[in-house]
Amino acid sequence: MAREDLTSARIAKNDEFYTQLDDISRELKYYTRHFQGKVVLCNCDDPYESNFFKYFALNFNRLGLKKLIATCYDGSPVAGDELPLLFEIEETEPKKIAYKVEITEVQDYNNDGAVNLADVQWLIQNDKNVLSLLKGNGDFRSQECIELLKEADIVVTNPPFSLFREYVAQLYQYDKKFIILGNMNAVTFREIFPLFKNNRMWTGNGFNLSMVFKTTYPNKLEANRQYVKNKGYDPDQNYVKTPAIAWYTNLDIQKRHEPLDLYKTYNSEEFPHYDNYDAIEVGKVSEIPVDYFEPMGVPITFLDKYCPEQFEIVWIACGNTKASAPKEILQQVKYKKHVEDRGGCPVLNGKRTYARILIRRKK
């Protein structure tokens, strides 16, 4: 997809991006221990098309789930395309309808010796208590969907990109554990970054990924089309490569406690001081000096390597720092307004740099 098409999609707040099963399986294998005996909610996932629903339905017994709930927002223009062999919607059924599916047990209903999608299909088509219509439009903010959220232990989904801030805020309002997808640059949002600083949210195992999504938008960019083909998908079926994607969670994972190996030593020439912050510039995460314990600015990709036992996050230096940072933080890093910083970006030798995470090593 051309960059202008993605921009237009964001402006139009059209959020039809469907995650592939391989990408879901690749990430969720690190969270297996968290699912035992839990109620999992996929609240942005039409059960007729969502691979999140497919993953948990297939692995219901292996994960030891207590219950699986999936809801969707007024159906979808690609309904049935993601799982064409799993379900069949009656021709008389309206395409734009909000469903919910609630599963508490998956058995070998067809007696073929294995629990698979055919058994899930039988369950949904034959148990009237499993699939039902929602009264409203299935918006995650609606009261009936909030009641389902209250019941859940863990929320796993790809929420609407345009509503990421609001979606995350709701998760914390109801104190929910989660594994969700979003744009990598969401870490710079004034509503999101404090969660990272206060160790209430962190990156999953996948960060700054280029992922292939099924969308409702045509893929027009030849380089993007070729990437999609190389990944085994058909760009003519509206599969697109989307860069800078990240998994976010507040479930503890091993990666979060693995310290970063450091080898560089500090020198003032290689690590210059900012004009507007009392901190040094470290252009590569891998080159954080091993012997420096004062504030330093590192690329936002640092959050993928952040170990809270090794580092302290001070704040973020970006375009909204002056407006969003507490006064005591600005005083701590001795922020001085600069004509080039556009509200808080670091400035080196009179020139604005990229956004930086301000960190300090723990002794």
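The values are calculated or read from the model by the stated rules, or taken from the named source; none is laboratory data. These numbers were taken from a predicted model, which means no experiment stands behind them. FYI the Cβ positions are ideal-geometry reconstructions off the backbone, even for glycines, and counts take in every protein chain you see. Note: accessible area is taken over every heavy atom of the protein model, side chains too, but ligands, DNA and RNA are not part of it. Shrake-Rupley method; radii C 1.70, N 1.55, O 1.52, S 1.80 Å.
What to note about this one:
- Taking each residue of region 150-173 that is over 25 Å from residue 37 (Cα atoms) and looking for partners that are among the β-branched types (Val, Ile, Thr) and in a strand (DSSP E or B) with beta-carbon atoms closer than 7 Å, six or more apart or interchain, yields nothing.
- Taken over region 156-176, the criterion of being under 13 Å from the mean Cα position of the chain (by Cα) and open to solvent by 20 Å² or more (accessible area, probe 1.4 Å) is satisfied by 160, 161, 162, 163, 165.
- Test: residue 64 is on the phi > 0 side of the Ramachandran plot, modelled with pLDDT of 90 or more and of a type outside the set (Asp, Glu): yes
- The combined condition, being among the charged types (D, E, K, R) and under 24 Å from residue 258 (Cα atoms), is not fulfilled by residue 190.
- Test: residue in region 25-42 that is farther than 30 Å from residue 254 by Cα and either open to solvent by 50 Å² or more (accessible area, probe 1.4 Å) or at pLDDT 80 or above (or both): no
- Some residue of region 276-299 being closer than 21 Å to residue 200 by Cβ and not basic (Lys, Arg): yes
- Taking the numbered list (1) open to solvent by less than 40 Å² (accessible area, probe 1.4 Å); (2) within 25 Å of residue 136 (Cβ to Cβ) in turn, residue 150 passes all entries but (1).
- Residue within region 235-258 that is open to solvent by less than 60 Å² (accessible area, probe 1.4 Å) and more than 30 Å from residue 167 (Cα to Cα) present: no
- Restricting attention to region 103-114 and to residues that are at pLDDT 85 or above and hydrophobic (A, V, I, L, M, F, W, C), the residue that is nearest to residue 67 (Cα to Cα) turns out to be 103.
- When residue 265 is tested against (1) touching a strand residue (DSSP E or B) at 6+ places or on another chain (Cβ under 6 Å); (2) open to solvent by 40 Å² or more (accessible area, probe 1.4 Å), exactly one condition is not met: (1).
- Region 309-331, subset open to solvent by 30 Å² or more (accessible area, probe 1.4 Å) and not in a helix (DSSP H, G or I), residue modelled with the lowest pLDDT: 320
- Meets criteria (on the phi < 0 side of the Ramachandran plot, without any contact (Cβ under 8 Å) to a residue 24 or more places away in the chain and out of contact with any Cys (no Cβ under 6 Å at 6 or more places or on another chain)) for residue 328: yes
- When 288, 300 are checked against the criterion of being within 30 Å of residue 247 (Cβ to Cβ), in contact with a helix residue (DSSP H, G or I) (Cβ under 7 Å, 6 or more places away or on another chain) and either of a type outside the set (Lys, Arg) or crowded, with 16+ Cβ neighbours inside 10 Å (or both), 300 stands alone in meeting it.
- The residue of region 128-169 that is nearest to residue 193 (Cα to Cα), among those that are among the hydrophobic types (A, V, I, L, M, F, W, C) and touching a Pro at 6+ places or on another chain (Cβ under 9 Å), is 168.
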